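Working notes, beginning with the structure itself.
The values are calculated or read from the model by the stated rules, or taken from the named source; none is laboratory data. These numbers come from a predicted model, not from an experiment. Neighbour counts are summed over all protein chains in view; Cβ atoms, including those assigned to glycine, are modelled from backbone coordinates with ideal geometry. These accessible areas exclude ligands, DNA and RNA; they are computed on the full protein's heavy atoms, side chains included. Shrake-Rupley method; radii C 1.70, N 1.55, O 1.52, S 1.80 Å.
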Amino acid sequence: MLRVITLLVVAAAAEHVREFTVRENARAGTLVGHLGDELPDAAPPYTIVPVPGSAVNDDLKIDPHTGEIRTRAPLDRENRDQYALVAIPASGDNIRVVVRVSDENDNAPTFPTPVMNVEFSENTPRDVKRKLNPARDQDLGVFNTQRYNIVSGNTENAYRLSSHRELDGVLYLDLQINGFLDRETTDHYELVIEALDGGTPPLRGTMTVNITILDVNDNPPVFAESVYSATIPENATIGTTVLKVFATDSDAAENGLIEYSINRRQSDKENMFKIDPDTGEITVNKALDFETKELHELVVVARDKGAQPLETTAFVSIRVTDVNDNQPTIDVIFLSDDATPKISESAQLDEFVARISVHDPDSKTEYANVNVTLSGGDGHFDLRTHDNIIYLVVVALPLDRESRSTYTLNVVATDKGSPPLHASRIISLRVTDVNDNPPVFLESVYKTSVPEAAAPGTPVIQVSALDADEAENSEIRYSLLPTPQSDWFAIDERSGLVTTRSRVDCETNPMPKLTVVATDRGTPPLSSTATLLVTVLDVNDNEPIFDQSFYNVTVSESEAVGSCILKHWIQAIMAVQRKLALKELSNSLHSSDYCNGL
C-alpha cells in the first residue's frame, strides 16, 4: 500500500518547501503526490528544475500541467534515498521539493565471504571467543541484521554465538566455546551460521565456518596388553626375536608417533635384550644363560614424540629354557677402592687384587669338579685358594707403572666332565700411579747470559723438567731458591721461563748463580734442582771518578825527572782498566772473585 506523507513548511524569501515520501520498490507509475496541493497561490503550470545530480528526470515523472509526481521505475533506497527539485509556478512562490525514499526490507544480511576457516587448540578453555566476519545489511533500522544463529554442525552444542552492535551500526559476531573440545572425539566442525534481519518474515544470509581442532598431546600411548610373556631357549643367538609389543596413541602427528624403549633403571640393566624403537620388536642382545638367570622381567616404555612427551609402560616376562651346555661360570670381584680392575704400583707382595668364584651347574657338589688357572701377567700375579671355593688373585712380583702400566690376565675354569667344558675371563688390569719419581731436569746446569741493561721482564732462558709419573704426580711447578741475586730474576711456575725481575748489575755480580727447583704436585710432592749460571754482559754505565775535585801539590825544584808528584789521579785510570778487565772476565766465564778483587 502506498503511503504518502506531505509536509508543508513556509520558508523565508517567499518559497514553499514540500516533502514527499515514497516506499522503495513501488511499481512504476506509483503516485508520489501533487506539487500544488494546499498551495492555492502556487497553481500550475510549473517549470520543473531538478537539482543537479539528483536523477529526478531518470526516476520520477512530473506533469508540469497538473503538478502530479509519479515514479518512472521501481526506486532503490540503497542506490538513492532522496530526490530534489524546484517547481516554478506560473504565478505565486517557488516550491522546493524533496522526495524521500523510505526503506523496505529488500536486502538480506550478507557475509563478506561464504566460507571462513578457524582453528582452535583442543585445550582451549571454555568461553574463549574468536571474532567472525559479521554480516552487513544495506537496509536500515529493524530491517538491518538483528541476530545470528547456528543452523547446523554444532555437534554436542560445542559452540555458541555472541554479538554486539557498535557505533557504525554493524552487528559484530563472536564464536564462543561452549564446552570442552577433544580432537580425538571430533577434529573438525562445519558450522552453518545464519544472519537474520528484523523483517517479517526476516531475510537471512548464511556463512559456513570450518573449524579445525588442533591437537594437544593429551593422550598417552596405550599398550594392546598390559603384560606380555614369552619363552626362549638359552642358546638363542643374538638378534633372535623374542616378541613384539604394540601401543597406539590417539593424538595426531608427532603427538601420536610412538617410540619404544626398555627402562634400564628398573629392568634389564645388563642389556640382555634390546627393542626396536619404531616397531616394538624385542630381540636377544647378549648370550643368555639359564643357569645364571632363567626369568627376565622387562619394563617396556612407549613414549610419544610430542613436545611434552607422554608415556606408558608394560611388563614383559621372558622365561629362558635350559639347554645342556653346562659350562662353568666365573665371577670376579675387584678389590680396589672403586671395584674396578686396578692395583697400585706400591702394592706389597701377596696383596689381594681380585676375588674369583666359579660355579658349575652340572656339579652336584658345588665347586668340586672345577679347576681354575691363571695365565698372563709375566709372573707378577698369582692365584691362591685354600678350599677350591674362593680364589684370590695376588701380587707375586713388585710392580712399576713406569715400566708397565697394564696387564692382561686370563682366568680359565675347566670342569672334569667328558668332554671337559671350560669358561674363561679376560682381566685387563691397570697399574695405578704413586708419586715415586721426582721431576728430572733436561740439563743439570743451564748457562745463559743477559745484558746488564736488560729491562725488567726480559726473557733469560726457559728450563724444563720431566716427571715419569702421571696426572698430578707429573704436574710440575718451577721456583727459584733464594740467593743474594735471586731477586734479580723471576720464573714462571708453569712454563719454567726465567725473566729479569729488576735490573742486573755486572759490578755487583757478573755471574749470578741460581738454583731452579722443579716440584711435582703429588702427595707428598717430590722435587729436584738444576743450576742456572747467568753471565751479566757489561755495558759502559760507569764513568771514571776522581777521589777529589782539587789537588794541591808542592814540588821541590830539585826533584828528578820522572819522580811521582801525585798518585791519586792514577786511581781514575785504574777504574777504567778495571772495567775492561771485568768485561774480559765475564766473556771467559772466570770466577766472580776476580772482579770483586780488582
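Here's a check for you: in region 519-550, which residue that is crowded, with 17+ Cβ neighbours inside 10 Å and assigned to a loop (DSSP other than H, G, I, E, B) is modelled with the highest pLDDT?
For region 519-550, the residue satisfying everything is LEU526.
Is there a residue being more than 60 Å from the chain's Cα centre (by Cα) and open to solvent by 60 Å² or more (accessible area, probe 1.4 Å) anywhere in region 111-120?
Checked against the condition, which is being more than 60 Å from the chain's Cα centre (by Cα) and open to solvent by 60 Å² or more (accessible area, probe 1.4 Å), region 111-120 yields no hits at all.
If you scan region 493-504, which residues turn out to be in contact with a helix residue (DSSP H, G or I) (Cβ under 8 Å, 6 or more places away or on another chain), part of a loop (DSSP other than H, G, I, E, B) and not basic (Lys, Arg)?
Correct list: SER502, VAL504.
Condition test on ASP174, is it over 37 Å from the mean Cα position of the chain (by Cα), surrounded by fewer than 18 Cβ atoms within 10 Å (Cβ to Cβ) and at negative phi?
Values: over 37 Å from the mean Cα position of the chain (by Cα): yes; surrounded by fewer than 18 Cβ atoms within 10 Å (Cβ to Cβ): yes; at negative phi: yes.
It is true that ASP174 is over 37 Å from the mean Cα position of the chain (by Cα), surrounded by fewer than 18 Cβ atoms within 10 Å (Cβ to Cβ) and at negative phi.
Looking at LEU295, is it aliphatic (A, V, I, L, M), within 18 Å of VAL222 (Cα to Cα), out of contact with any helix residue (DSSP H, G or I) (no Cβ under 8 Å at 6 or more places or on another chain) and open to solvent by 50 Å² or more (accessible area, probe 1.4 Å)? Full working, then the answer.
Values: aliphatic (A, V, I, L, M): yes; within 18 Å of VAL222 (Cα to Cα): no; out of contact with any helix residue (DSSP H, G or I) (no Cβ under 8 Å at 6 or more places or on another chain): yes; open to solvent by 50 Å² or more (accessible area, probe 1.4 Å): yes.
The answer is no for LEU295.
So TYR228 ticks every box in (1) at pLDDT 95 or above; (2) more than 30 Å from ASN255 (Cα to Cα) but one. Which box is left unticked?
(2)
Within region 214-249, how many residues turn out to be in contact with a Gly (Cβ under 7 Å, 6 or more places away or on another chain) and not in a strand (DSSP E or B)?
Residues meeting the conditions: 4.
When you scan region 128-148, do you find a residue that is β-branched (Val, Ile, Thr) and open to solvent by 30 Å² or more (accessible area, probe 1.4 Å), even just one?
Yes, region 128-148 contains at least one residue that is β-branched (Val, Ile, Thr) and open to solvent by 30 Å² or more (accessible area, probe 1.4 Å).
From the set of residues in region 446-493 that are of a type in the set (D, E, K, R) and closer than 29 Å to ARG430 by Cβ, which is most open to solvent (accessible area, probe 1.4 Å)?
Looking at residues that are of a type in the set (D, E, K, R) and closer than 29 Å to ARG430 by Cβ, I get GLU472.
Would you list the strands (runs of 3 or more DSSP E) that sit entirely within region 293-364 and hold 1 or more residues that are closer than 20 Å to ASN263 by Cα and touching a residue at least 40 places away in the same chain (Cβ under 8 Å)?
Working: elements: 295-304, 311-321, 329-334, 342-344, 352-359.
Where strands (runs of 3 or more DSSP E) fall fully within region 293-364 and carry at least 1 residues being closer than 20 Å to ASN263 by Cα and touching a residue at least 40 places away in the same chain (Cβ under 8 Å), they are 295-304, 311-321.
Residues to consider are ASN210, ASN285; find the one that is within 30 Å of ILE177 (Cβ to Cβ), at pLDDT 95 or above and more than 27 Å from the chain's Cα centre (by Cα).
Values: ASN285 fails: within 30 Å of ILE177 (Cβ to Cβ).
Within the list ASN210, ASN285, the selection yields ASN210.
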